[in-house]
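Here's the structure, in structure tokens; my notes come after.
The numbers here are math on the coordinates, done by the rules we state, and not lab data. Here the structure is a predicted model, which means the values were calculated and not measured. A quick note on method: Cβ atoms are made from the backbone with ideal geometry, for glycine too, and the neighbour counts reach across all protein chains shown.
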Amino acid sequence: MPDTDLIDLIREQWSRERPDLDSSGFALVGRLLLLGKLLERRVAQVLAPLELQMWAFDVLATLRRQGAPYRLTPTELSRATLLTPGAMTNRIDRLEAAGLVTREAEPTDRRGIRVALTESGLELVDRAIAARFEEAEDAVRGISGRDRASLEKVLRRLLVRLEGED
């Protein structure tokens, strides 16, 4: 296994071309972005046999982790998935057409609706979650428990700080 990665190469090139710039922040952020792309590709490969795309998994998993009866309003779904209401409406439409979710009337507000998993949606997302967690464990195989805990702590701190800026 090589001791250098693409980010090392990019930093070396920038240090030659722009030695006046500090690329140490890029060393971390660049790796996080690259890792994100590689990990998303792995997840897409795991979900493909289930004929499920990441966007659909995200919505279905958000509903599933709420617990029975697996329902949220479209606004709650938008917030939980960091999507605009328009994008969420499009995704709900597509998932409803596939028979994975239904729209149900909100009992306390005649104008409101809740999005709920169907039986087939629940079955599919349960299989997908198991595959997704297995893939995640495979992705971090080889990282010791101590290093995992340290990395998780540092990443949590960075995420909390950046989320606070939004």
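Would you calculate the separation in nanometres between label points at Thr118 and Arg141, each defined as 7 Å from the Cα along the Cα-to-beta-carbon direction?
Result: 3.6 nm between the two label points.
Mean residue ellipticity at 222 nm from the helices of the chain, using -39,500 (n - 2.57) per DSSP H segment of n ≥ 4 over the full residue count, to the nearest 500 deg cm²/dmol?
Value at 222 nm, helices only, nearest 500: -22000 deg cm²/dmol.
Could you list, bin by bin from short to long, the percent of Cα-Cα pairs of the range 1-50 in 5 Å steps?
P(r) for the range 1-50, in whole percents per bin: 4, 19, 19, 19, 14, 9, 8, 4, 2, 1.
Convert 20 °C to kelvin, take the viscosity as 1.002 mPa s, use the Kirkwood radius over C-alpha pairs of the range 68-166 as Rh, and evaluate the Stokes-Einstein diffusion coefficient in µm²/s, rounded to a whole number.
Rounded to a whole number, D works out at 131 µm²/s.
Say R0 is 22 Å: what FRET efficiency, to the nearest 0.05, do Leu6 and Arg42 get from their beta-carbon distance? Before the final figure, lay out each step's value.
Working: r = 17 Å, r/R0 = 0.77.
With a Förster radius of 22 Å, E is 0.85.
Pick out, from Leu34, Ala48, Ser15, the residue whose Cα sits farthest towards the positive end of the charge dipole of the range 1-50, with +1 on the Cβ of Lys and Arg and -1 on the Cβ of Asp and Glu.
Ranked along the dipole, the leading option is Ala48.
Charges only on Cβ, +1 for Lys and Arg, -1 for Asp and Glu: so what's the dipole of the chain about the Cα centre, in debye to the nearest 20?
320
Counting alpha carbon pairs within less than 8 Å and at least 6 residues apart, what relative contact order, in whole percent, applies to the chain?
The value is 19 percent.
Taking amide H atoms as placed 1.01 Å from N in the peptide plane, list the residues 5 or more away in sequence, or in a different chain, whose amide H sits under 5 Å from that of Thr118.
So Thr118 has HN proximity to Val101, Thr102.
Give me the number: length gained by fully extending Glu152 to Arg111, i.e. 0.36 nm times residue separation minus the C-alpha to C-alpha distance, one decimal in nm. Each step should come with its number before you reach the end.
Working: separation 41, 0.36 × 41 = 14.76 nm, distance 4.21 nm.
The span from Glu152 to Arg111 would gain 10.6 nm if fully extended.
At most 14 other Cβ atoms within 10 Å plus a DSSP loop assignment makes a site exposed; report the longest stretch of the chain without any exposed trypsin sites (Lys or Arg not before Pro).
It works out to 66-140.
Where does the chain land on Rg/Rh, using Cα atoms and the Kirkwood Rh?
1.07
Taking amide H positions as placed 1.01 Å from N in the peptide plane, with prolines and chain starts having none, which residues 5 or more places from Gly112, or on another chain, fall under 5 Å of its amide H?
Under 5 Å from the amide H of Gly112 lie the amide H atoms of Glu106, each far enough along the sequence or on another chain.
Any idea what the dipole of the range 14-106 comes to, in debye rounded to 20, about its Cα centre with Lys/Arg Cβ at +1 and Asp/Glu Cβ at -1? Walk me through the intermediate numbers first.
Details: 13 positive and 11 negative charges, 52 e Å.
So the magnitude is around 260 debye.
Projecting each Cα onto the charge dipole of the chain (Lys/Arg +1, Asp/Glu -1 at the beta carbon, about the Cα centre), which of Leu63, Thr108, Ile143 comes out farthest on the positive side?
Of Leu63, Thr108, Ile143, it is Thr108.
How do Phe133, Phe57 line up, fewest other C-beta atoms within 10 Å first?
Taking fewest neighbouring Cβ atoms as first place, the list is Phe133, Phe57.
Any chance you could check the Cα centroid distance between the range 75-115 and the range 17-61 for me, in angstrom?
26
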